[in-house]
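Scroll down for the structure; my scribbles are underneath it.
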Amino acid sequence: IHPFGKLVNRQAKEEIIQKIHGGGSTAIGAALKAAIDHIILQPATHRFIIFATDEGQNTGESPKTWRDLAKKNKIITFAMVIGAAATALEEHFDYAVRVAEAKEFGHKLLEVLKKAIQTILGPYSTGF
């Protein structure tokens with residue numbers, strides 16, 4: 001069940017997960033497009049994507065194309081870059097954080113979630 005009482009389509013989530021596969025390359029643009037294609041159909045007031053990756057784009061279309069589509073449809077994009085490698089992901093997402101070590105993941109995820117809530121609530125988010 002969705003936090004706001006709506007039923008979540010489990011099959012739709014499983015279909016997205018089935019599209020994920022390893023292969024030594026990082027197609028951030030394709031992954032971002034898949035997420036946007038799914039979320040754009042959702043009748044939600046606030047929509048956002050939290051994206052986690054271990055490196056920058058190295059194959060396929062640039063995420064820049066899909067970031068513009070996300071902005072047009074009021075979808076806020078967040079990225080968690082796992083690893084210390086320098087990438088240019090900050091320019092492709094509304095908000096990005098680096099996770100240099102695995103032990104930082106929980107803390108950084110909370111940071112991203114806090115930013116998402118602040119983005120949605122705007123000036124009413126002073127308690128975070």
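We did not get these values from a lab; they are worked out from the coordinates using the rules stated. Bear in mind the structure is a predicted one, so any value in this text is a computation, not a measurement. Every residue, glycine among them, receives a Cβ derived from its backbone with ideal geometry; neighbour counts consider all protein chains shown.
Summary table below
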item	result
Rough spin-label spacing in nm, given labels placed 7 Å along Cα→Cβ, for Glu61 and Gln11	2.7
Which listed pairs, of Lys71/Lys108; Lys64/Lys115; Lys33/Lys64; Lys33/Lys74; Lys72/Lys114; Lys64/Lys103, have C-alpha distances above 19 Å, in listed order	Lys71/Lys108; Lys64/Lys115; Lys72/Lys114; Lys64/Lys103
5 angstrom amide H check on Thr77, placed H, neighbours 5+ away	Ile49, Asp94, Tyr95
